[in-house]
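The values are calculated or read from the model by the stated rules, or taken from the named source; none is laboratory data. Just so it is clear, the model here is predicted, and its values are computed rather than measured. With ligands, DNA and RNA removed, areas are computed over all heavy atoms of the protein, side chains included. Shrake-Rupley method; radii C 1.70, N 1.55, O 1.52, S 1.80 Å.
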Amino acid sequence: MSKDILDFVTFCIGALSLSLKISRSDVFARLKEANLINDYIVPCYDVLHTFSRSYILDDITDMMKRKGVL
C-alpha cells in the first residue's frame with residue numbers, strides 16, 4: 001500500500017470518528033469487520049480521494065450501514 005493510500009485510509013478513519021462521535025479504534029474495527037478498507041476504500045482510492053470530505057463520509061457511512069456495522 002502506498003503512503004498516499006495509507007494517508008487516505010487514516011484520514012477516513014479520523015473523519016468518520018469525528019462525524020460519528022465514536023473512537024478511531026472503534027471505526028477501524030467496524031471498517032475491518034465489514035472488509036471496507038481492503039474491499040472498498042483501498043481499491044476505490046483513485047476515485048474516492050477526488051471527492052469532498054462530506055461526500056466521502058456520507059458514502060462510507062452508507063456502506064457501513066449496508067454492511068450492518070453501523
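Miscellaneous remarks
- Ordered from largest to smallest accessible area (heavy atoms of protein chains, 1.4 Å probe), the residues Arg53, Arg24, Arg66, Arg30 come out as Arg66, Arg24, Arg53, Arg30.
- Folded to 0 to 90 degrees: helix 3-20 orientation relative to the chain principal axis, Cα: 30 degrees
- Folded to 0 to 90 degrees: helix 24-33 orientation relative to the chain principal axis, Cα: 80 degrees
- Taking the convex hull of the alpha carbon positions in the chain and averaging its projected area over all directions gives 4.1 nm².
- Cross-link reach list, aspartates and glutamates versus Lys67, counting only Cα pairs under 20 Å and skipping chain neighbours closer than eight places: Asp26, Glu33, Asp39, Asp58, Asp59
- Expressed as a whole percent, the accessible area of the chain that falls on carbon and sulfur atoms is 54 (1.4 Å probe).
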